[in-house]
Structure formats: structure tokens, C-alpha cells
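The values are calculated or read from the model by the stated rules, or taken from the named source; none is laboratory data. These figures come from a predicted structure and were not determined experimentally. Neighbour counts run over all protein chains shown; Cβ positions are idealised from the backbone, glycine included. SASA here: full protein model, heavy atoms, side chains in, ligands and nucleic acids out. Shrake-Rupley method; radii C 1.70, N 1.55, O 1.52, S 1.80 Å.
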Amino acid sequence: MALMHEPTAPYHSAQDALRVLETVARHPAGVTDTELARRTGLGPERLTGLLRMLRREGYVEQITDGAYVTGDTLRRLTSAHGRERALRDKLQHTLDRLRDSVGAAVYMSRYVDGEVRVTQYAAGPTTPAVNEWVDFRYSAHATAVGKSLLTQLDHNARRDHLSRHKMARLTSRTITSDKLLLSRLESQPPTVPVLDLQEYAIGTVCAAVPITAGSSVGCLALSLPVEHAHRLRQAADALNRNAAPVLLSLTI
């Protein structure tokens, strides 16, 4: 499967955060922010923001003299024992926090073996999950999740997916023309959230942003009841700005 890689802002943030973590890991006794700036080449404002995120996520800790050392999250994710459980727990914690900060149900999805899979999600009483009335594997053409994943594939891989899954009309807004859908996927900028405006289900709007790590295709998505559609773009932008911690967890 060929991929269409165009690094997004969260990708660059995750890469910069990795540089900081690698430097911290090489200094078990601790390293100051001044030394981190010198060794990573990151500007003070950029570094301060990354260190704030890394502390919040538990990747680094600050000791009494103000220096930084590796945190518990990093130690658990780099351990040979229980890494998969640690990663799942960490991602769930991050999704829960994203749900609360954007005020919407949040989903993490991957494209695995030619299929769309929602691997984890965070919902609640005031942020209900979308009703999966049609299996997400067969409705990529109508969902923000599916379209975001498909945009990250090359043209042949997209055509292959659509050849295996009939583009059924789920609502009056669903695109059922493969030519039209492929054209829209082709013109979708990687830095702009993909939207689903009641294409999958009447009464629900969704948005998704890519979180491609290495050769793995993934996305973060959110859903809102249609009466909150006015918040969709703002929530999607917030989701995109806060996608770096998810990417970082998947990359480590």
C-alpha cells in the first residue's frame, strides 16, 4: 500500500518533542532548559511549549534544581514488558482529555490490512458517541474518519478500497459517485480537517485530522450532534492543535 505523506503541524511537533526526549534520556542526572535549547536547536518559545506538553503528558519530570529527567510515561512506553497495555492506557487518557477539552466524542482510527478500524474512543453523557448504524469498515466514503484515512493513501490504494466497498447512499448528503469522491480526496489539503456534514447519519456532524506515524495511517476524529454544528470547525482546529501527544505516543 503506497502512502501520500505530507507532514502536518502535529507531526512536526511530535518530531521536535522526540528530539527533546532523546536529549533528556541521554542525561539521566538531568538537563536544563538552556542546555536543551543548545543541543536541540529549538527556540525558547518553542522549547517552553514542548516541555509544558511533555510534563503534562508525563514524558519528562522537573527535579529540584529545575533540570529535566525522563518521566514515568516514557519509562513505561519504552519498557519491554507491558508496552502494549501502557500504550493503550496512555492513548485512552489522552483521548479522555481531548474529549473534555473540545467538548465532543473523540475517536482514534487506523487503516489496517485495507480496512477502516476505530481502535479507541472517548465519549460521555454530554458527548455521546455516534451511533454506528452502518459498520465503519463499509462506510469510509461517508465518514470523516474514512475520508481522512483514504486521503493518506495513493490513488491506486483509494480505488482498491472503493472497489471492495460499495458506496451506498446512507443519507441524502452521501456521495455515491466514486469519480466525485476521488476528486475531493485528491484536492483535500492534509492540514485541513475532513468533514462529514450528515453524510453518514442524519443528526450528526464529524471532523477528522490525520495522525500518520511512519508507515501507519491513522486519524483523530470527533463527532457532534447537528445542533452543535456551529462548533465543528473550531473543535476540529483544537483537535488538530492537540494531536501531537497522540502521534508522540505512537512514535515512541
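Within the option set Leu74, Leu47, Leu18, being at pLDDT 95 or above, in a helix (DSSP H, G or I) and either hydroxyl-bearing (Ser, Thr, Tyr) or closer than 20 Å to Leu247 by Cβ (or both) holds for one residue only, Leu47. Applying the criterion of being part of a helix (DSSP H, G or I) and over 16 Å from Glu22 (Cβ atoms) to the residues of region 54-71, the residue that is modelled with the highest pLDDT is Arg55.
Taking each residue of region 98-115 that is surrounded by fewer than 21 Cβ atoms within 10 Å (Cβ to Cβ) and looking for partners that are assigned to a helix (DSSP H, G or I) and not charged (D, E, K, R) with beta-carbon atoms closer than 7 Å, six or more apart or interchain, yields Ser101/Ala238; Gly103/Ala235; Gly114/His161. If you check Thr151, Thr204 for being buried (at least 18 other Cβ atoms within 10 Å of the Cβ), under 16 Å from Tyr107 (Cβ atoms) and among the hydroxyl-bearing types (Ser, Thr, Tyr), only one passes: Thr204.
Conditions first: (1) more than 19 Å from Tyr111 (Cα to Cα); (2) open to solvent by 80 Å² or more (accessible area, probe 1.4 Å); (3) part of a loop (DSSP other than H, G, I, E, B). Thr171 passes all but one, so which condition is the exception? It fails just one condition, (2). The listed residues are Glu186, Glu199, and the only one of them that is buried (at least 16 other Cβ atoms within 10 Å of the Cβ) and out of contact with any helix residue (DSSP H, G or I) (no Cβ under 7 Å at 6 or more places or on another chain) turns out to be Glu199. Just the residues that are in contact with a Pro (Cβ under 7 Å, 6 or more places away or on another chain) and at pLDDT below 95, please, taken from region 21-44. Correct list: empty.
Do we have any residue at all in region 226-245 that's under 20 Å from Gln15 (Cβ atoms), surrounded by 15 or more Cβ atoms within 10 Å (Cβ to Cβ), of a type in the set (A, V, I, L, M, F, W, C) and modelled with pLDDT under 90?
Going residue by residue through region 226-245, those that are under 20 Å from Gln15 (Cβ atoms) are 239-245.
From what's left, surrounded by 15 or more Cβ atoms within 10 Å (Cβ to Cβ): 239-240, 242-245.
Keeping just the survivors that are of a type in the set (A, V, I, L, M, F, W, C) gives 239, 243-244.
Now narrow it down to the ones that are modelled with pLDDT under 90: 243-244.
Within region 226-245, one or more residues are under 20 Å from Gln15 (Cβ atoms), surrounded by 15 or more Cβ atoms within 10 Å (Cβ to Cβ), of a type in the set (A, V, I, L, M, F, W, C) and modelled with pLDDT under 90.
Here are Ala122, Ala140, Ala67: which of them is open to solvent by less than 80 Å² (accessible area, probe 1.4 Å) and within 12 Å of Leu220 (Cα to Cα)? Exactly one residue qualifies, and that residue is Ala122.
For region 206-239, filtering for residues that are under 30 Å from Ile252 (Cβ atoms), among the small types (Gly, Ala, Ser) and outside any strand (DSSP E or B) leaves 5. Scanning region 94-123 for residues that are in contact with a helix residue (DSSP H, G or I) (Cβ under 9 Å, 6 or more places away or on another chain) and part of a helix (DSSP H, G or I) yields Thr94, Leu95, Arg97, Leu98, Ser101, Val102.
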